[in-house]
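Inspection log for the structure reproduced underneath, given as structure tokens.
Rule-based calculations on the coordinates, nothing more; no lab input. Keep in mind the model is a prediction, meaning the values are calculated, not measured. Note that we place each Cβ from the backbone using ideal geometry, even for glycine, and neighbour counts take in every protein chain shown.
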Amino acid sequence: MIKNIVLDMGNVLLDYNPDVSLDRFCSSEEEREVIRRELFDGPEWQMGDRGDILDKDRFDLVKVRVPEKYHEALRNCTEQWDICMNPLEGAREFCEYARNHGYGVYILSNASDAFYRYFPKFMPLSFFDGVFVSSDYHMLKPDEEIYRTFLARYGLAAEECLFIDDRAENVAGARKTGMNTFLFEGDYSAVIRRIENQ
């Protein structure tokens, strides 16, 4: 029986979309492509999520691969990438639904230390029964270790948790540990139907 709702953050609660900062700060298609490749798709992004570097260190590491003429846009995208992190439609309401129906509500997210800057604008951390950010533990989804560490950290039984993520590989990793899972495709009413039909 599901007693706990475990939520990914990016593209489940908040809209992670690099195009927002690229559109704002880049003035050419080439500049966009370079910064997307080296910043958002570069190795430093996962390094931040794993806690190997801090968000503030990312610019200096990435700029060596980016032409100097793009450094201003790169710095803006590096320092203000989270302007995209606005709530998805229905996200707040779903969190309140889960809380009001007696479920434990948890966050389990791959995220850098910047999480603590932007996420509380969505909802206070105190709303949740637990907030587990990958960079704090130096591990990443979909490795099974992160799910097992999360469950141990909060004393939860895997079979009593419903893990919700927008990435199939993360859902598969959680399923291997015995958690119930739901691949999120933007529709919270579908999640509610899954919960109510258990």
Summed over the other residues with a beta carbon less than 14 angstrom from that of residue 160, with K and R at +1 and D and E at -1, the charge totals -1
Comparing 99, 37, 167 in a Gaussian network model of the chain (Cα, 10 Å), the one with the largest mean-square fluctuation is 37
Once the dipole of the chain is set up from charges on Cβ (+1 Lys and Arg, -1 Asp and Glu), the residue from the list 67, 139, 162 lying farthest towards its positive end is 162
Whole-Hz Karplus couplings 3J(HN,Hα) for segment 30-38, θ = phi - 60° and coefficients 6.51, -1.76, 1.60, Gly and Pro as x, run 5, 4, 4, 5, 5, 5, 4, 5, 7
Mean-square fluctuation maximum in Gaussian network of the chain, Cα pairs under 10 Å, restricted to 71, 138, 101, hits 101
With -39,500 (n - 2.57) per DSSP H segment of 4 or more residues and division by the full residue count of the chain, the 222 nm estimate, nearest 500 deg cm²/dmol, is -11000 deg cm²/dmol
Between the alpha carbon centres of segment 24-56 and segment 127-157 the gap in Å comes to 25 Å
Other residues with Cβ under 11 Å from the Cβ of residue 53 give, with Lys and Arg +1 and Asp and Glu -1, a net charge of -4
Magnitude of the Cβ-charge dipole (Lys and Arg +1, Asp and Glu -1) of the chain about the Cα centre, nearest 20 debye, reported as 460 debye
Summed over the other residues with a beta carbon less than 14 angstrom from that of residue 151, with K and R at +1 and D and E at -1, the charge totals 0
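Take the Cα gyration tensor of segment 19-84, multiply each eigenvalue by 5, square-root it, and list the three semi-axes largest first, rounded to whole angstrom. Please report the intermediate quantities before stating the final value.
Values: eigenvalues 66, 32, 19 Å².
Listed largest to smallest, the semi-axes of segment 19-84 are 18, 13, 10 Å.
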For the chain, the longest principal axis of the Cα atoms and the Cα long axis of helix 144-154 enclose an angle in degrees, to the nearest 10, of 60 degrees
Once phi for every residue in segment 4-17 is put through the Karplus expression 6.51 cos²θ - 1.76 cosθ + 1.60 (θ = phi - 60°), the whole-Hz ³J(HN,Hα) values, with Gly and Pro written as x, are 9, 9, 10, 10, 5, 9, x, 6, 10, 10, 10, 8, 7, 8
Going from the fewest other Cβ atoms within 10 Å to the most, one would list 139, 9 as 139, 9
